[in-house]
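Student: Structure in structure tokens, see below.
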Amino acid sequence: MSTKKVEFISSRENECIKRVKKLHDKKYREEFRSFIIEGLKLVKEAIDYQIECINLVIFSQQAKDRYQEFYWECKRLLEDGKIKRVIEVPDKLFEYITTTSTPQGILAECNFVDKDINFIKNLKRVVVADKLQDPGNLGTLIRCADAFGFDAVVTTKGTVDTYNPKTIRATMGSLFHLQIMREAEEGKLIKILKDNSFAVYVATPYGDIEISKVVPDKKFCVVIGNESEGVSDSFAKVAARKIKIPMAGKAESLNAAVAASIVLYELRKR
């Protein structure tokens, strides 16, 4: 059994605190290959599904008292060697390192969880986020893919950072439930999809088949395009289906995350 104990840190100059603060910045997330998650639910999801990716868990003093059961669970996991570090900090210091305006007093640093693009070969149902710019949309897309039983979400180059704190919060923990592949080069991604018999479906207001009439192939991927520009030409050219959502009202299009949720739900039903 490990002899590790909960650490108490009170200084901003501590190297651990400096590192966590740096992880607010994408540059340092890429350098360290790690990111921050905050809140009781997200940290619990990481522990339940991908505990091996967790580098440390930090509690504010108030959170230690407020979430005593979870605090003692983390302490046991630390002593069992399943969590590397558990740290307690003063409330003011937690406010310094948090990325939220109303923090719960719990955060964790996790290693990147994304897979190599070649992992797609082993999957059957994939969602591609093609240059989405809004972190909330990407996070919601990941959550929907999880909810409707898809295997993975792939982002193309030019898509908002998967590990942006707003994206992480919008996933509501789904980031830890399915495969994630980031910043794929379009040409390489399309080749892997074609070589492995994936049918490519693109969601577009100008599609030629309504989503309710699509009979999914055995292996397929759904491409959700940029909020203003839609799906890129490279995906449109190789699409086996151009899917549209029929709308009775006067709106020209739907929010990307809303459209994705409808398309993924309809395809999951079949």
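The values are calculated or read from the model by the stated rules, or taken from the named source; none is laboratory data. For clarity, every value in this text was computed on a predicted model and none was experimentally measured. Backbone-built Cβ (ideal geometry, glycine too); neighbour counts: all protein chains shown. SASA here: full protein model, heavy atoms, side chains in, ligands and nucleic acids out. Shrake-Rupley method; radii C 1.70, N 1.55, O 1.52, S 1.80 Å.
Student: Could you please let me know if Lys237 is open to solvent by 80 Å² or more (accessible area, probe 1.4 Å), basic (Lys, Arg) and free of Cβ contacts under 8 Å to residues at least 12 places away in the same chain?
Tutor: yes
Student: How many of the residues in the range 1-35 are under 18 Å from Lys115 (Cα atoms) and either assigned to a helix (DSSP H, G or I) or open to solvent by less than 80 Å² (accessible area, probe 1.4 Å) (or both)?
Tutor: 6
Student: State all residues of the range 92-103 that are open to solvent by 10 Å² or more (accessible area, probe 1.4 Å) and either within 18 Å of Val43 (Cα to Cα) or under 24 Å from the mean Cα position of the chain (by Cα) (or both); if no residue qualifies, say none.
Tutor: Residues satisfying the conditions are Glu95, Thr98, Thr99, Thr100, Ser101, Thr102, Pro103.
Student: Moving on to the next point. Considering only residues that are of a type in the set (A, V, I, L, M) and under 26 Å from the mean Cα position of the chain (by Cα), look in the range 80-91 and name the one that is modelled with the lowest pLDDT.
Tutor: That would be Ile83.
Student: Now for a separate question. Taking the range 36-62 as the search range and keeping residues that are part of a helix (DSSP H, G or I) and charged (D, E, K, R), which one is farthest from Lys84 (Cα to Cα)?
Tutor: Filtering the range 36-62 for residues that are part of a helix (DSSP H, G or I) and charged (D, E, K, R), the one farthest from Lys84 (Cα to Cα) comes out as Lys41.
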